[in-house]
Amino acid sequence: MTDALHYLDATDLAARLRRRDLSAREVVQAHLDRIEQVNPAINAIVTLDPEGALTAAAAADERLARGAPVPPLHGLPIAFKDTHLTRGMRTTFGSPLFADHIPDEDELLVDRLQRAGAIRLGKTNVPEFAVGSHTFNPVFGTTRNPYDTTRSAGGSSGGAAAALAAGLQPLADGSDMGGSLRNPASFCNVVGLRPTPGRVPAHPGRNLWDTLAVPGPMGRTVADTALLLSAMAGPDPRCPLSLETPGEAFAVSLDREPRGLRLAWSPDLGGFAPCDPDVLAVLEPQLSVLEELGCHIDAACPDLTGADETFRTLRAHSFDLAFGDLLDSDRQAFKPSLVRNIEQGRRLSVSDLITATTIRSRLHLDAVGFFSRYDLLLAPVSQVTPFDAELEYPQAVAGRATETYLDWMRSAYLISVLGVPALSVPAGFTPDGLPVGLQFIGAPRADLAVLRAGHAYERATRHGRHRPASPTA
């Protein structure tokens, strides 16, 4: 029973728990056993509270036995991203400055998921302050890819994605500024959704008006991802940009005939994000799958002129706002690449910010026009396949040397600037067994349409059902 449980879909587990075919204690213990077996080899979960999880599971079983209402995530174990505040459990942000930090409150996302019935297992690994799309830090070390432990699991939600892929948890929370949900999902053969900004409100935070970084859900299937979104989403009065649509709007069937969808395909996002040939060799045959489902596909892309500079400017500004005070007091505790980003933010002028804001407004309106002609844009999630875990970032993309650790992430972060939902769905493997994801991108607030298209593609291909061999330390 234990061996079977750790790879059951979250939607299936939730149904079995409601029917009392399984107890929450059984489900939690099965995942704790799996963590003990596999986590030493991949370092995905970095803080673990077995006793607390089993106590919470017992309480969940008792509530169900009393006939109390069952919330949607009843009994499902989850380890939260180590940038999300967890009351009474350390939250390190992957930084030595917070290695022993124990918050006295849960942040909004954590509180919502636990109120929805999720059982807290622990925390998943992140890069230092979630900066970069490769998960390593001086507190816990490197998270490794379950499909090849010599390779990166991506980031910044790399611990979350690796834990999903290895069967350590059925659902995972994450966040995405420049691809931090999508890149690790692609690298680890799982699903990650960057929602429309405001879909999942974030609190607390220093910038309540930020729309570049968003929380979001991950799962091994699109339906599992939608289940988690249904518990995350919905308005909160403390978050001025939160959307009014309740989370229950995503607790619906994703089954929808894709026939007739107008899809655009751009392998390099209009020339701004060239990909390695081995990525495109996996993705281009997937277009025929969608055509066989009745979709019409054109080669097209919204105009992304200025998106790269805009993203880097707004990102640097947000880093100065978030970390500038800490840098002044403990400069030696920051990795050099993060120091450079914060200092870049400090050098920005008012004119720089006006230019970035103006360009971003134009890009958003252009995207709205584009999605009036096309239902979805298809693109690579990542420009490279999972790279050597000993490197900070790939040294070349599509035959050109990278100058910064951001250069290989354009296929994700150029989309972030548009303010639209984007979904990474497993799309197959390279000849040497490395996962590749396909990005489904929709119009602003069309999160459900993106999920339904990804679900239809997933059912037709089942690439996400290919599990990694169980890694051992």
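The values are calculated or read from the model by the stated rules, or taken from the named source; none is laboratory data. If you're wondering where the values come from, they're calculated on a predicted model, not measured in any experiment. A quick note on method: Cβ atoms are made from the backbone with ideal geometry, for glycine too, and the neighbour counts reach across all protein chains shown. Each accessible area value is taken on the protein alone, full model and side chains, heavy atoms only, with ligands, DNA and RNA left out. Shrake-Rupley method; radii C 1.70, N 1.55, O 1.52, S 1.80 Å.
Below, the figures for the structure above:
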{"quantity": "The range 368-473 - Rg over Rh from alpha carbon coordinates, Kirkwood radius", "calculated": "1.01"}
{"quantity": "Karplus-derived 3J(HN,Hα), 6.51/-1.76/1.60, for each residue of the range 178-194, Hz, glycine and proline x", "calculated": "x, x, 5, 9, 6, 4, x, 4, 4, 5, 10, 6, 10, 10, x, 10, 8"}
{"quantity": "10 Å Cβ shell holding at most 11 others, DSSP loop, GluC sites (Glu not before Pro): longest site-free stretch of the chain", "calculated": "1-243"}
{"quantity": "Karplus (6.51, -1.76, 1.60) ³J(HN,Hα), θ = phi - 60°, over the range 100-107, in Hz, Gly and Pro reported as x", "calculated": "10, 6, 10, x, 9, 8, 8, 6"}
{"quantity": "Descending principal axes extents, the range 190-292, alpha-carbon based, whole Å", "calculated": "45, 33, 25"}
{"quantity": "Considering only the chain, percent of DSSP beta bridges that pair antiparallel, nearest 5", "calculated": "75 percent"}
{"quantity": "Other-chain or far-sequence residues with amide H under 5 Å of Ser180's (modelled H)", "calculated": "Ser156"}
{"quantity": "Principal semi-axes in Å for the range 257-329 [√(5λ), Cα gyration tensor, largest first]", "calculated": "37, 14, 13"}
{"quantity": "1.4 Å probe accessible area per residue over the range 1-115, in Å²", "calculated": "44 Å²"}
{"quantity": "Carbon plus sulfur fraction of accessible area for the range 248-330, probe 1.4 Å, in percent", "calculated": "53 percent"}
{"quantity": "FRET efficiency, 1/(1 + (r/R0)^6) with R0 51 Å, evaluated for Asp298 and Arg467 via beta carbons", "calculated": "0.90"}
{"quantity": "Size descriptor, Kirkwood hydrodynamic radius, that averages inverse alpha-carbon separations across the range 28-72, Å", "calculated": "12.1 Å"}
{"quantity": "Distant-in-sequence amide H partners of Leu261 (H built 1.01 Å from N, under 5 Å)", "calculated": "His296"}
{"quantity": "Simple spin-label estimate for Leu321 and Trp209 in nanometres, 7 Å along Cα-Cβ", "calculated": "0.8 nm"}
{"quantity": "Full-extension gain in nm, Val289 to Glu105, via 0.36 nm per residue minus C-alpha separation", "calculated": "61.6 nm"}
{"quantity": "Of all accessible heavy-atom area on the range 106-217, the percent that carbon and sulfur account for (1.4 Å)", "calculated": "47 percent"}
{"quantity": "For the range 36-134, convex hull of alpha carbons as volume per residue, Å³", "calculated": "114 Å³"}
{"quantity": "Accessible surface, per residue, of the range 326-473 when the full set of protein chains is kept, probe 1.4 Å, Å²", "calculated": "42 Å²"}
{"quantity": "Pair-distance profile P(r), taking every C-alpha pair of the range 156-244, with 5 angstrom steps and integer %", "calculated": "3, 17, 26, 23, 16, 10, 4, 0"}
{"quantity": "Ala15/Ala68 FRET efficiency (R0 22 Å; Cβ-Cβ; nearest 0.05)", "calculated": "0.80"}
{"quantity": "Within the chain, helix-based [θ] at 222 nm, where runs of 4 or more DSSP H residues each add -39,500 (n - 2.57), nearest 500", "calculated": "-11500 deg cm²/dmol"}
{"quantity": "Theoretical gain in end-to-end length, Arg87 to Leu348 [0.36 nm per residue, Cα-Cα removed]", "calculated": "90.4 nm"}
{"quantity": "Additional length obtainable on full extension of the chain from Ala41 to Arg115, 0.36 nm per residue less Cα span", "calculated": "23.4 nm"}
{"quantity": "Scattering profile of the chain at q = 0.06, 0.10 Å⁻¹ [log10 I(q)/I(0), Debye over alpha-carbon scatterers]", "calculated": "-0.23, -0.66"}
{"quantity": "For the range 140-203, Kirkwood radius (reciprocal of mean inverse C-alpha pair distance, Å)", "calculated": "11.8 Å"}
{"quantity": "Accessible surface, per residue, of the range 160-279 when the full set of protein chains is kept, probe 1.4 Å, Å²", "calculated": "30 Å²"}
{"quantity": "Efficiency of FRET between Thr357 and Ala59 - r from beta-carbon atoms, R0 45 angstrom, step 0.05", "calculated": "0.40"}
{"quantity": "For the chain, the longest site-free run once trypsin sites (Lys or Arg not before Pro) in DSSP loop states with at most 15 other Cβ atoms within 10 Å are removed", "calculated": "260-461"}
